[in-house]
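The values are calculated or read from the model by the stated rules, or taken from the named source; none is laboratory data. If you're wondering where the values come from, they're calculated on a predicted model, not measured in any experiment. Cβ atoms come from the backbone with ideal geometry, glycine included; neighbour counts cover every protein chain shown. What goes into the accessible areas is simple: the full protein's heavy atoms, side chains included, and nothing from ligands, DNA or RNA. Shrake-Rupley method; radii C 1.70, N 1.55, O 1.52, S 1.80 Å.
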Amino acid sequence: SSSESISVPMIPLGLKETKELDLLAPLKDLISEHYGEEGILFEKEIKEFMELRQAMRTPSRNEAGLELLMEYYNQLYFFDSRFFPPTKSLGVFFHWYDSLTGVPSHQRALAFEKGSVLFNIGALHTQIGARQDRASLPGLNQAIDAFQKAAGAFNYLKENFSNAPSLDMSAASLNMLVRLMVAQVQECVFEKMTLLRAQHDFLARLQLAQEAARVEDVYSLVHQTMTQAHVKDYVPFSWTTMVHVKSEHFKALSHYFAAIALCDCPVASDAELPEHEKAFIQFHVTMPEGPSLHVLLQDPEERRKLGKAHLKKAIMKHEEAMRIHGLCKILRKMDILQEVLSFAHKRSLSKYSEIDHEEDFFETGDAPDIHPKTHQKPEIKSPNFSQVKVTDLFHRLGPLSVFSAKNKWYPARRVHLMRGENGFGFTLRGDSPVLIAGVIPGGCAAEAGLKEGDYIISVNGKDCKWSKHAEVVQLLKSTGEEGVEISVITLQGSEAPKAADKKAAAMSSGSGMLKSNKENSRKSLMNSKSASTLLVWSKKSKRSKKSTYGVPFTAVGDNEAMY
């Protein structure tokens, strides 16, 4: 049975390819224009980001390659928050080629870049799955894991991105790919059963027949999906044929194992009979004609008759699988598939001739189909983005809660403060950046022009964007007679915004490139904490600082103090 251990080939996906991207000039411009920083000072970070993107174009076909794609994907969350203002485009086009047709598409929306990377994470999982040695249990388990993760990536893409400009990322294609991956998992589960259930008892054989029927079921569904109008012209003919061949092949196997269970296994003892009957009642889709189950299971001749009917059906299906296989030039070149199909066909033929008696005058009936059933349902495993930790390459620009593409602020003001009898005359709140929560009328801070809602970004020339509350307080306290020089910024629109304005701003911030893209429509939600549950790349919680603007300085909270 050397051919029995030969694994039928699986279908892997090619990765989407992309053009190189030069971000140096557009990012330097945006940094100086939006952040008021010298763009040239961030060349190192920009180059590092470009190198990561360059490496991500050709990942190795293993765990390291997956990690690289995940790292870039996670980095895009920060990239989006830093450089994609809701109202203005970065002016860069992302070019990607369709995985199946090679047709190029381009878009300005970062959602297209994210979606394409996510597609490649799925595609890379399919390649890892198809490469495993499925003749061993560890290899099978790894293949199952890889195909389940591929299904999860395509499913996540389908649910979170819409209006993709390329066909491979359309909802119909992704739906087909999820189903194809689920079918490949189910096939691996069947192979796992044949490895584990080497014992030749009646119940194990029935179970194998039902597992095979389940594989046939899922491949039939994939075949239906592939032959739909808008998918048919796009999916390679070799895929559609392979899926069709597999559905026929596994249907044949389900009937073959049913026949083996009936003809090769000894008749049940009285002790085993109730269990055998129970399994057999749920085995066929419709009850076989002829005697009652009780009689059938205990009469070797009746078992042979039904077994013969199953084999007749198996042989028909084997022949159909071989016929369909012959229609596709690409598949005809695949010796392995040819070998597996003809081995299974010959095995059923020799079994048939073995149990066929010359004196059989009965007409071999039509065996009912086998009820599909699996002991291991495929799981669709969503990508776990948190397994690859990344730090924001552009963190020097300051905390994202303030220094992001969606916020605007007035140019930094430098203020010289002298300590009065009552200190500087303001209250501070929060960390990185520390906020001026209140200003005492007539105090030093008020006279110097500091306002409630200002953020302290430096003290005596030391950058304080990321500083903790205590660090800023320490810097302020250590000033002597000469006073202290502090730089502050005021967010535009933070001058006690009205609720209606806030709502309008949130509404307009969703209009990116892809109008109905869920990514963009969620940008307005990114301001709120609830967004962190919506999208994995908005995990970093954004502290809402708005609440502090309207606080009078006298209402000093627990985490505020007067200075």
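Could you tell me the accessible area of ARG332 in Å² (1.4 Å probe, neighbours in place), rounded to the nearest ten?
About 120 Å², ignoring ligands and nucleic acids.
Rounded to the nearest percent, how much of the accessible area of the stretch 17-355 (1.4 Å probe, protein heavy atoms only) is carbon and sulfur?
Working: 7280 of 13760 Å².
The nonpolar share, carbon plus sulfur, comes to 53 percent.
Under 18 Å from the Cα of LYS329, which aspartates and glutamates turn up, not counting those fewer than eight places away in the same chain?
Cα-Cα hits under 18 Å: ASP233, GLU319, GLU320, GLU339.
Within the stretch 197-235, whose backbone N sits under 19 Å from a point 7 Å along Cα→Cβ of ASN141?
Backbone N within reach: 197-198.
Which whole-Hz ³J(HN,Hα) couplings does the stretch 127-134 yield from phi under the Karplus relation 6.51 cos²θ - 1.76 cosθ + 1.60, θ = phi - 60°, glycine and proline marked x?
Listing the rounded values in order: 5, 5, x, 6, 8, 5, 7, 8 Hz.
Once amide H atoms are built 1.01 Å from N in the peptide plane, which residues 5 or more positions from ASP463, or in another chain, come under 5 Å H to H?
none
Ordering ARG413, ARG304 by how much accessible area each has at a 1.4 Å probe, largest first, what is the list?
Numbers: ARG413 65, ARG304 25 Å².
The residues order as ARG413, ARG304, largest area first.
Rolling a 1.4 Å sphere over the protein heavy atoms, what is the accessible area per residue of the stretch 17-355, to the nearest Å²? Don't skip to the end; give the middle numbers.
Numbers: 13760 Å² over 339 residues.
Accessible area per residue: 41 Å².
Sketch the reach of a paramagnetic label on ILE330 as a point 7 Å from Cα along Cα-to-Cβ, and name the residues of the stretch 239-255 whose backbone nitrogen lies under 14 Å away.
It comes to 239-245, nothing else.
Within the stretch 112-141, list the residues whose amide N lies under 16 Å from a label point set 7 Å along Cα→Cβ of LEU196.
In the stretch 112-141, the label zone of LEU196 (backbone N under 16 Å from the point 7 Å along Cα→Cβ) covers 135-141.
Run the numbers for ILE281 and ARG323: contour at 0.36 nm per residue of separation, minus the present Cα-Cα distance, in nm.
Numbers: separation 42, 0.36 × 42 = 15.12 nm, distance 3.36 nm.
Difference between extended and current length: 11.8 nm.
Subtracting the Cα-Cα distance from 0.36 nm times the residue separation, let me have the gained length for SER32 to HIS106 in nm, one decimal. Walk me through the numbers on the way to the answer.
Values: separation 74, 0.36 × 74 = 26.64 nm, distance 2.68 nm.
Extra length available between SER32 and HIS106 comes to 24.0 nm.
Out of the GluC sites (Glu not before Pro) in the stretch 28-90, which ones are loop residues according to DSSP with at most 14 other C-beta atoms within 10 Å? Provide the component values of the computation, followed by the final result.
Working: sites: GLU33, GLU37, GLU38, GLU43, GLU45, GLU48, GLU51, GLU63, GLU67, GLU71; in loops: GLU37, GLU38.
Passing both the DSSP loop test and the Cβ count: GLU38.
Express in nm, to one decimal, how much length is gained between LYS389 and ALA412 on full extension, taking 0.36 nm for each residue of separation and deducting their alpha carbon distance. Can you show the working numbers first?
Details: separation 23, 0.36 × 23 = 8.28 nm, distance 3.28 nm.
Between LYS389 and ALA412, full extension yields 5.0 nm more.
HN-Hα J couplings of the stretch 181-191 from phi, Karplus 6.51/-1.76/1.60, θ = phi - 60°, integer Hz, Gly and Pro as x?
5, 4, 5, 5, 5, 4, 5, 5, 4, 4, 4
What are the trypsin sites (Lys or Arg not before Pro) within the stretch 16-51 that DSSP puts in a loop, where the Cβ has at most 14 other Cβ atoms within 10 Å? Mind showing how you got there, number by number?
Details: sites: LYS16, LYS19, LYS28, LYS44, LYS47; in loops: LYS16, LYS19.
Filter output for the stretch 16-51: LYS19.
With θ set to phi - 60°, apply the Karplus curve 6.51 cos²θ - 1.76 cosθ + 1.60 along the stretch 137-148 and write out the HN-Hα couplings as whole Hz, x wherever there is a Gly or Pro.
Whole-Hz 3J(HN,Hα) from phi for the stretch 137-148: 4, x, x, 5, 5, 5, 5, 4, 4, 5, 5, 5.
Listed here are the pairs LYS19/LYS408; LYS192/LYS333; LYS47/LYS114; LYS313/LYS377; LYS88/LYS232; LYS346/LYS381; which of them are more than 29 Å apart at the Cα? Can you show the working numbers first?
Details: LYS19/LYS408 32 Å; LYS192/LYS333 27 Å; LYS47/LYS114 19 Å; LYS313/LYS377 27 Å; LYS88/LYS232 39 Å; LYS346/LYS381 38 Å.
Flagged as over cut-off: LYS19/LYS408; LYS88/LYS232; LYS346/LYS381.
What do you reckon, how do VAL295, VAL222 stack up by accessible area (1.4 Å probe), largest on top? The partial results should precede the final answer.
Values: VAL295 70, VAL222 0 Å².
Descending order: VAL295, VAL222.
How far apart, in nanometres, would the label points at ARG396 and ASP133 be if each is projected 7 angstrom from Cα along the Cα-to-Cβ direction?
5.0
How much net charge surrounds PHE280 when only other residues with a Cβ under 14 Å from its Cβ are counted (Lys, Arg +1; Asp, Glu -1)? Present the calculation step by step, with values, prior to reporting the outcome.
Working: positive: ARG205, LYS278, ARG303, LYS373; negative: ASP201, GLU272, GLU275, GLU277, ASP299, GLU302.
Counting the neighbours of PHE280, the net charge comes to -2.
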